[in-house]
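The values are calculated or read from the model by the stated rules, or taken from the named source; none is laboratory data. Predicted model only: the values in this text are computed from it and were never measured. Cβ placement follows ideal geometry from the backbone for every residue including glycine, while neighbour counts extend to all protein chains displayed.
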Amino acid sequence: MGRNISFILLLFLCSFPFSLTNFLPFFKDLPPDPRHMMTSLLAGLLVLITGLVMGLNDQRFFLRWYSGYWLTGLVLLLLGLITKAFVLFIPIAFLYVSPFYGLHDWLNISSQQTLLFALPLAAWMIGMVGYGAGILFQAKKQPGAES
């Protein structure tokens, strides 16, 4: 259990530098510049590699905890928007949305509300792709695995 909690804490800590770089343009609804795009690509790569490593090591808790992390963020974003509780909304958007704000132009989404949910969903999918690839690679390495 402690290792799982450490994983969630690590996700929070790793998202911080990416959030700091991308939050201001996200909050002001400015178009991302190349620096923000690169930051988001690095955040996506980190998520992909994390999923890959977890899959290679057959860490099944990753599915539950990683999905829970992003689902919690989406629910809190929705609550923050519905209740207009900016005290809740701003820190959640900082952690869950702004690390990936540089992907804004590539997703071709014009609505800010849609973007709020598309970016965490994209981050979740990137991690799941990494995890699935890790599971596949691990299965091929095991003796008796079919080629």
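Of everything in the stretch 1-37, what is β-branched (V, I, T) and modelled with pLDDT of 85 or more? Give them in sequence order.
T21
Give the residue, chosen from T50, T72, that is surrounded by 12 or more Cβ atoms within 10 Å (Cβ to Cβ), assigned to a helix (DSSP H, G or I) and either in contact with a helix residue (DSSP H, G or I) (Cβ under 7 Å, 6 or more places away or on another chain) or small (G, A, S) (or both).
T50
Quick check on K84: is it modelled with pLDDT under 85 and either exposed (fewer than 13 other Cβ atoms within 10 Å of the Cβ) or among the charged types (D, E, K, R) (or both)?
no
Checking L56 against (1) modelled with pLDDT of 90 or more; (2) surrounded by 17 or more Cβ atoms within 10 Å (Cβ to Cβ); (3) aliphatic (A, V, I, L, M); (4) within 15 Å of A123 (Cβ to Cβ): exactly one of these is not met. Which one?
(4)
Does the stretch 93-147 hold any residues that are polar (S, T, N, Q) and either touching a Lys or Arg at 6+ places or on another chain (Cβ under 6 Å) or more than 17 Å from I49 (Cβ to Cβ) (or both), and which are they?
Residues satisfying the conditions are S98, N108, S110, S111, Q112, Q113, T114, Q142, S147.
Could you run through the stretch 59-69 and say how many residues are farther than 15 Å from W124 by Cβ and part of a helix (DSSP H, G or I)?
1
Out of curiosity, is P32 surrounded by 14 or more Cβ atoms within 10 Å (Cβ to Cβ), in contact (Cβ under 8 Å) with a residue 60 or more places away in the chain, part of a loop (DSSP other than H, G, I, E, B) and in contact with a His (Cβ under 7 Å, 6 or more places away or on another chain)?
In short, yes.
What number goes with the only condition from (1) surrounded by 15 or more Cβ atoms within 10 Å (Cβ to Cβ); (2) more than 19 Å from F12 (Cβ to Cβ); (3) out of contact with any His (no Cβ under 6 Å at 6 or more places or on another chain) that P99 does not pass?
Condition not satisfied by P99: (2).
Return a yes/no flag: does the stretch 104-121 have any residue that is surrounded by fewer than 18 Cβ atoms within 10 Å (Cβ to Cβ), modelled with pLDDT of 90 or more and assigned to a helix (DSSP H, G or I).
Taking every residue of the stretch 104-121 in turn, at least one turns out to be surrounded by fewer than 18 Cβ atoms within 10 Å (Cβ to Cβ), modelled with pLDDT of 90 or more and assigned to a helix (DSSP H, G or I).
Might you check whether a residue that is small (G, A, S) and either within 24 Å of L24 (Cα to Cα) or surrounded by 15 or more Cβ atoms within 10 Å (Cβ to Cβ) (or both) occurs anywhere in the stretch 135-143?
no
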